[in-house]
Structure formats: structure tokens, C-alpha cells
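One structure is given here, and the rest of the page talks about it.
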Amino acid sequence: MIFGQIPGIDKPVSRLVQGTVPLSSKDPDASRALLDGVFALGCNTFDTAHVYGGGDQERLLGRWIEERGIREEVVILAKGCHHNQDRRRVTPFDIAVDLHDSLARMQLEYVDLYVLHRDDPDVPVGPIVEALNEHVRTGRIRAFGGSNWSHQRIAEANAFASGHGLIPFACSSPNFSLAVQIKEPWPGCISIGGRQGETARNWYTESNTPLFCWSSLAGGFFSGRFTRDNLETFDSYFDKLCVECYCSEENFQRLDRIRELTTSKSATVTQIAMAWVMSQPLNIFALVGCANADEFRANAEALEINLTPQELDYLDLRSDSAA
């Protein structure tokens, strides 16, 4: 496993972050086995959210941490302030409510990294930054960031923090994948992929802001199950979402080029897709939702794959040759 550092967190943070969506109280033994398996492979960082499963995943994660006695060995990335059907929920009040709920569910005194799940550009950044700083001062969180915040809003928040002697955002969590989104999967999502994300990527490169990228494998697009001629056969929610968001001709061309490299790299399609993300000149931590330890091991092996600048451009359709 490869590790990085996040300002404000005094522990190493694994570059692969296991998500908790696969956890379920309907099968707690399988959930524990998944967590044990990825932890044994070197993953010490786990991503959860207030909206996941009505709190089910947070409770399971918290019980596992307590049972194993490893609180100071793991990094918890908790997300809050997701919008609901009634209103946008990015206010100091909502930050406090969701954070206290998450701490109670996990039976923890603090979370290492607290990330706002969505943004509301109509809300000034000042009160948000001040509220998050207050939670740092009280010890409830060590650092904070924004998921699906534009780089302009991150910059605005950090300028406010700098001007008022406050702690800035420590990270950002956008979508980023070799497969470019043709449609946002849910309202309010921010992607830095493709040519339209180039300005954001340049800003993140220059600022060296840590990025916790979600759907780096494009919601299953690189699994091999999706082909140009079978897209009408999928009926499950997440499969249809992948078809709508990622199954474009350009992305299939990227997939074709990945397949060309699998033999020379002795790697699978998904490993090369992950390696493409992790080989970018960005400070990236990839959020993954592996269903078992074998899947996680395959993703971890992708961190060791070296792609040349020519191969990176070839896979992204920016050149006609990988040589």
C-alpha cells in the first residue's frame, strides 16, 4: 500500500480508500470479513457518509473499529450535509446535526476527516468555514474538505480562511476517471475529468490539494460487462446509471485502448484504468467500493503499474500512439 498525508491528520492515509456502501447489517459477518480483509492488505482509511443506508454503514464501521481496538490505526473520512428532496443542506446547523449523528452512530469521539457531501453556491463560504473550524477546535474533527465542490469554491473558502486566521479546506472530493461523464449521475455532482475539467486539474496540480476521487472506475464501466451492443439489456439501477453516464463512443474507444495495453502491462482492464488515474500529476487518493478483499488487492496492485506520459495521452485519446 502507498500512503499520503493530509494537513491536520497525524496518521498516514492510504492512497486507496475503502468505501462502506457494500456493508450491510443483513450480513454483518460478510461486512466484518470485508473490513478485515482490506485492512490486512494495508488499507487504513475508510469512507462513509451520513446518508448511506440510513446510518447502517456508519454503525457497522464503528462496531468493527471498537471490536478490533484499532481506532488510532485507522482514518475515518465521514461525509455530511447531503441535500434532501426538500432543500439544500449546507449550513452550520446541518453540519452540526449530521456530524453529531455520525459520531453517535460510530460511537466515536472524533472523525479524522469531515467532508461536506454537497455544496450550495448560494450560501457564503464564511459561515461554513467558521463552523468547520469550531468543530476542529472542539476536537470533533481533525480536518475537513468538500465533496462535489468546484475548485473555485474551494479557493474562495481557503481565501476566507487565510484572511481570517482560520484553517482552510484540507481536501476536495470530485469525480475523476479515464471515462468521461456524459451526464452527471446525481444532481450537484462535480467532475474534473475530460477536457472540460482541465482548468480544475491545473488548479489542483498547482495547489497540490489532496483529491479523494470518487467513481475512478466509472461506476463499473471498466468491468467488461458493458459493450457497444448490449446496453439495452441492463435493468438494475446502478447498471442503467452507468449506461447513461459513461457508455459513450469515446469512452468505448478508451476501453479499446486499455485492452491493447493489458498484455504488455500484465494487468487487467480495471487495473490499467485505475493506474491511469493514479499516474496523473495530482495528489490523488482513490475512493473504491470493493465487495471483497480480492477486488481490493487487484486495485492495490494497480498502484504499482507505471504508465508513461505517452501511454496516458494515448488512453485518453489525446494522441494516436502509445509509443
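About the Cα centre of the chain, what is the dipole size in debye to 20, counting +1 per Lys and Arg Cβ and -1 per Asp and Glu Cβ, all else neutral?
Values: 30 positive and 43 negative charges, 55 e Å.
With only Lys, Arg, Asp and Glu charged at Cβ, the dipole is about 260 debye.
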TODO: Quantify, in whole percent, the carbon and sulfur part of the accessible surface of the stretch 90-167 (1.4 Å probe; protein heavy atoms only).
DONE: 54
TODO: Name the residues whose placed amide hydrogens come within less than 5 Å of the amide hydrogen of Phe285, ignoring near sequence neighbours (fewer than 5 apart) on the same chain.
DONE: Leu211, Phe212, Cys213
- [ ] Report the full-extension gain for the segment Arg259 to Arg225: residue separation times 0.36 nm, less the Cα-Cα distance, to one decimal in nm.
- [x] 10.9 nm
Open item on the list: Per residue, how large is the accessible surface of the stretch 1-135? Use a 1.4 angstrom probe and give square angstrom.
Closed with: 41
Open item on the list: Which residue, Phe285, Ala161, Ile76, has the largest displacement toward the positive end of the dipole of the chain when charges sit on each Cβ (Lys, Arg +1; Asp, Glu -1)?
Closed with: Ala161
Task: Estimated vicinal HN-Hα couplings, Hz - the stretch 121-126 in sequence order (Karplus 6.51, -1.76, 1.60; Gly, Pro = x) - done: x, 7, 8, x, 6, x
- [ ] Count the net charge of all other residues whose Cβ sits under 12 Å from the Cβ of Cys247, scoring Lys and Arg as +1 and Asp and Glu as -1.
- [x] -1
Open item on the list: Within 10 Å of each candidate Cβ there may be at most 10 other Cβ atoms; applying that plus a DSSP loop requirement, which trypsin sites (Lys or Arg not before Pro) in the stretch 65-109 survive?
Closed with: Arg87
Open item on the list: If amide hydrogens are placed 1.01 Å from N in the peptide plane, which non-local residues have theirs closer than 5 Å to the one on Gly19?
Closed with: Asp47, Val288, Gly289, Cys290
Task: Environment charge at Arg88 (Cβ cut-off 12 Å; Lys +1, Arg +1, Asp -1, Glu -1) - done: -2
TODO: Putting +1 on Lys and Arg Cβ atoms and -1 on Asp and Glu Cβ atoms, find which of Trp203, Gly224, Phe144 reaches farthest to the positive end of the dipole of the stretch 86-230.
DONE: Gly224
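Hey, what's the stretch 192-311 come to in accessible area per residue, 1.4 Å probe, Å²? Show your work: numbers first, answer last.
On the way: 5620 Å² over 120 residues.
Per residue, the stretch 192-311 has an accessible area of 47 Å².
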Open item on the list: What are the extents of the Cα atoms of the chain along their three principal axes, in Å, largest first?
Closed with: 54, 46, 38
Open item on the list: Considering only protein heavy atoms and a probe of 1.4 Å, how much of the accessible area of the stretch 219-323 is carbon and sulfur, as a whole percent?
Closed with: 48
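The values are calculated or read from the model by the stated rules, or taken from the named source; none is laboratory data. These numbers come from a predicted model, not from an experiment. So basically every Cβ, Gly included, is an ideal-geometry build from the backbone, and we count neighbours across all protein chains shown. Accessible surface areas use protein heavy atoms only, side chains included; no ligands, DNA or RNA. Shrake-Rupley method; radii C 1.70, N 1.55, O 1.52, S 1.80 Å.
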